């Protein structure tokens, strides 16, 4: 079984991206952060590696997409409550992100999300453990 996950995302300006995610209350692991990459701590054993584009390109022969124009991945993070979902989206908007769509309330599941300053989509979801799934 896997013990950790590292989602790698190409960014235009590493310092600007670090400031954006810091404004959301997130922090970085200094052991894996330098001028080319920053290890964004998302939870226990969950990280997003923010990589300067030229460094990111050294890991693949494929061309990079522009996440403001094309979807490369949807990063979905669970939250403890609806309030946490809304609070993180509000912080993202205040830090320069956008909310491409309205919140989604399915009764048993509540979600909303944001695009970060590079255009990567971050979905946030709260699953109510006491509600029944739609069926």
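Quick note: the coordinates plus some simple rules give every number you see, no bench work behind them. These figures come from a predicted structure and were not determined experimentally. In this analysis, Cβ positions are derived from the backbone assuming ideal geometry, glycine residues included, and neighbour counts consider all displayed protein chains.
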Problem set entry | For volume of the Cα convex hull per residue in Å³, calculated from these coordinates, the label among (i) 167; (ii) 143; (iii) 107 | (ii)
For this session: Measure nothing fancy, just the Cα-based angle from helix 82-94's long axis to the longest principal axis of the chain, in degrees from 0 to 90, nearest 10.
Result: 40
Exercise. Hey, what angle do you get for helix 14-23 against the long axis of the chain, alpha-carbon based, 0 to 90 degrees rounded to 10?
Worked result: 30
Problem set entry | Net length gained if the chain between residue 83 and residue 132 were fully extended (0.36 nm per residue, minus Cα distance) | 15.7 nm
For this session: Before anything else, pin down the relative contact order of segment 1-47: Cα pairs under 8 Å, at least 6 apart, normalised by residue count, whole percent.
Result: 42
Exercise. At what distance in nm do the modelled label points of residue 70 and residue 90 sit from each other, each positioned 7 Å from its Cα along Cα→Cβ?
Worked result: 3.7
Exercise. Over the chain, what is the relative contact order in whole percent, taking alpha-carbon pairs under 8 Å and six or more residues apart?
Worked result: 22
For this session: Grab the Cα-Cα distance for residue 98 and residue 115, subtract it from 0.36 nm times how many residues apart they are, and report the gain in nm with one decimal.
Result: 5.6 nm
For this session: Could you tell me the distance between the Cα centroids of segment 101-135 and segment 21-99, to the nearest Å?
Result: 17
